[in-house]
Amino acid sequence: MLGIAATDTGAGEVVDDLFHMAHERGAVAVQGRLEPRLLEAIGRRRCLLRFTGEALIHARDPLVLGAALTRSALLTRLEGEWWMGHASLPFAGTP
């Protein structure tokens, strides 16, 4: 897994570098979650985009929720539950 981050003005260069490195390593596709701030840079490079899921965000504090929904928020998979692997592991009480 590779995470990339860029400022609004540097997004194009970061995307170009990502595609260049992937191509050098023989990749024919790049897969991952698209952050809103990278959408324009990706779109200008004539990429095929496919929606494969959604995100669920919950916060009791409206300020926390508001911060998570801004264009400047960067939420990776590490902030969620997927990294714990609990869904893929057998239940402790089963043989």
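The values are calculated or read from the model by the stated rules, or taken from the named source; none is laboratory data. Owing to the predicted nature of the structure, the values given are computational and were not obtained by experimental measurement. Counting neighbours? That spans all protein chains shown, and the Cβs are built from the backbone with ideal geometry, glycine included.
Identify the residue in the range 50-67 that is at pLDDT 85 or above and surrounded by 11 or more Cβ atoms within 10 Å (Cβ to Cβ) and, among all such residues, is nearest to residue 3 (Cα to Cα). The qualifying residue nearest to residue 3 (Cα to Cα) is 67. If the condition is being of a type in the set (A, V, I, L, M) and assigned to a loop (DSSP other than H, G, I, E, B), then the range 21-64 contributes 27, 28, 29, 30, 34, 48, 49, 55, 56, 57, 59. The set of residues in the range 28-75 that are over 16 Å from residue 13 (Cα atoms), touching a helix residue (DSSP H, G or I) at 6+ places or on another chain (Cβ under 6 Å) and touching a residue at least 24 places away in the same chain (Cβ under 8 Å) contains only 71. Quick one: is residue 10 surrounded by 11 or more Cβ atoms within 10 Å (Cβ to Cβ) and at pLDDT below 80? Here the answer is no, as residue 10 does not meet what is asked.
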